[in-house]
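Peer 1: Supplied in structure tokens, the structure appears directly below.
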Amino acid sequence: MLSVEIEFCSLDLRRATEDEYTCLGKFKNIMNREYRPDDPPIPLEEQIQGWKTIPEFIEYEAHVMWNPSESEIVAYCDIAVYNTGDNEHMADLTIEVLPEYRQKGISHQALKLLLPFAKRHNRRLLITYTSDRIPVSEILLEHLGARKGLETHINQLILSEFDKSIVHTWLKQSERLHAKFDLGFWDGAYPEKNINEISDLYEEVGNDQPRDNLEMEDMKCTPEMLRQMEQNTFARGSQRWTMYLMDRINNKLVGLTEVIWNPNRAMILNQGFTAVYPAYRNKGLGHWLKAEMMKKLLDEHPKVEFIRTGNANSNAPMLKINIEMGFKPYIANTVWQVETEKVEKYLLERLI
């Protein structure tokens, strides 16, 4: 248990004080040095805008633990539910503790604090995430009886090692598709005239991705949800490019790929959503989209050094394309699930 009696305090992420934001930003950057040691720190203003614009459909409860002098945050925890009309049995859980404060009972305190929120919202299953960069985080989950639901990787492409002939080859192969599909490009926010079909693509293809052992239902995606997520992305100063394809016969959106980056870390680019409707797969559309995006990046975004993308280890089709491009495993992440009842029993047994 803690050698010094300190407790968690509630924190409203959307409306915190200047001092709370400053100290939380410092804490998050310390944690990020463990998660992603190659990355520069995130500027405070970018962090603040991200917290202030958390989408309204996310309902959460957050708490921080200060050091004895109340000058630094040493631990953070939150629990969130998505009021989207799906997966109403689940809640997302986050617990982070600075290295020097670990294994002192703080995670147990956090669980005890967050559990009532899950029960008030009738959430029987808690979802949380771990990284191989902080292996100690799996110990508590194993004690709780949590199960691995989905194993994923952040895969990274070092651009200086990229074989640019791949772009030429894939573009050449895609020439046979030009008569049937139109290629387009969006810079920034999605056009209002396309927002409905974009949300439809997100919902159908997003729910087609592997879930492995996750006890998870299909997720909904509405235009309003997309707009709220966009607001959060752009408020932080991030930028987005989207390449898309339209079927010339019916003028239907059939696929897209997007990349996101922040000028504060211009050397790092994140590969976002890539999707092609099932009826249009195995035609080379994914390769075409990827090649067009890579050509534009190489021509117009010279500061990029690394491209990162998240993939389920079981997502063979997407991994195939990424491996062909030269992506390699960078960080291993695991999505865990544990019943709320198990957590409550665990805490009661320890009289915490």
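Peer 1: At a Förster distance of 35 Å, what's the computed FRET efficiency of residue 187 paired with residue 34, Cβ-Cβ distance as r, to 0.05?
Peer 2: 0.55
Peer 1: Also: What is the Cα radius of gyration of segment 87-187 over 2.2 N^0.38 Å, N being its residue count?
Peer 2: 1.78
Peer 1: Right, next: With every protein chain kept in the model, how would you rank 174, 137, 10 by accessible area, 1.4 Å probe, largest at the top?
Peer 2: Highest to lowest solvent-accessible surface, that is 10, 137, 174.
Peer 1: Ignoring ligands, DNA and RNA, what percent of the 1.4 Å accessible area of the chain is carbon and sulfur?
Peer 2: 51
Peer 1: Can you sort 8, 234 by solvent-accessible area, 1.4 Å probe, largest first?
Peer 2: Highest to lowest solvent-accessible surface, that is 234, 8.
Peer 1: Mind checking the angle between helix 106-120 and the chain's longest principal axis? C-alpha axes, 0 to 90 degrees, to the nearest 10.
Peer 2: 70
Peer 1: Right, next: Taking Cα atoms of the chain, Rg/Rh with Kirkwood Rh, to two decimals? Please report the intermediate quantities before stating the final value.
Peer 2: Values: Rg = 21.6 Å, Rh = 22.1 Å.
Using Cα coordinates only, the ratio equals 0.98.
Peer 1: Which angle between 0 and 90 degrees, to the nearest 10, do you get for helix 340-349 versus the longest principal axis of the chain when only C-alpha atoms count?
Peer 2: The two axes meet at around 30 degrees.
Peer 1: Going out from 0 in 10 Å bins, what whole percent of all Cα-Cα distances in segment 23-67 drops into each bin?
Peer 2: 22, 47, 30, 1
Peer 1: Could you tell me the accessible area of residue 267 in Å² (1.4 Å probe, neighbours in place), rounded to the nearest ten?
Peer 2: Residue 267 has an accessible surface of roughly 60 Å² with all protein chains in place.
Peer 1: As I understand it, the value is the acute angle between the Cα axis of helix 165-174 and the longest principal axis of the Cα atoms of the chain; what does it come to in degrees, rounded to 10?
Peer 2: Value to nearest ten degrees: 60.
Peer 1: Given a 1.4 angstrom probe, what's the average accessible area per residue across segment 1-149, in square angstrom?
Peer 2: Heavy-atom SASA per residue in segment 1-149 reads 49 Å².
Peer 1: Okay, moving on. Where does the chain land at 222 nm, in deg cm²/dmol rounded to the nearest 500, when only DSSP H runs of n ≥ 4 count, each adding -39500 (n - 2.57), divided by all residues?
Peer 2: Roughly -10500 deg cm²/dmol at 222 nm, from the helical runs in the chain.
Peer 1: Using just the Cα positions, wrap segment 181-319 in a convex hull and report its mean projected area in square nanometres, one decimal place.
Peer 2: Numbers: hull surface 36.0 nm².
Taking the Cα atoms of segment 181-319, their convex hull projects to 9.0 nm² on average.
Peer 1: Cα centroids of segment 1-67 and segment 72-90: how far apart, whole angstrom?
Peer 2: 14
Peer 1: Taking R0 as 51 Å, what FRET efficiency do you get between residue 172 and residue 59 from their Cβ-Cβ distance, rounded to the nearest 0.05? Please list the in-between numbers first.
Peer 2: Details: r = 50 Å, r/R0 = 0.98.
The computed FRET efficiency comes out at 0.55.
Peer 1: A follow-up question, please. Provide the per residue accessible area, probe 1.4 Å, for segment 172-323, rounded to a whole number of square angstrom.
Peer 2: On a per-residue basis, segment 172-323 sits at 49 Å².
Peer 1: What do you get when you divide the Cα radius of gyration of segment 243-350 by 2.2 N^0.38 Å, with N the number of residues?
Peer 2: So the Cα radius of gyration is 1.46 times the expected 2.2 N^0.38 Å.
Peer 1: To the nearest 20 debye, what charge dipole does segment 56-163 have about its Cα centre, counting +1 at the Cβ of each Lys and Arg and -1 at the Cβ of each Asp and Glu?
Peer 2: Taking the Cα centre of segment 56-163 as origin, the dipole is about 660 debye.
The values are calculated or read from the model by the stated rules, or taken from the named source; none is laboratory data. Source: prediction; values computed, not measured. Quick reminder, even Gly has a Cβ in these numbers, built from the backbone with ideal geometry, and neighbours come from all protein chains shown. These accessible areas exclude ligands, DNA and RNA; they are computed on the full protein's heavy atoms, side chains included. Shrake-Rupley method; radii C 1.70, N 1.55, O 1.52, S 1.80 Å.
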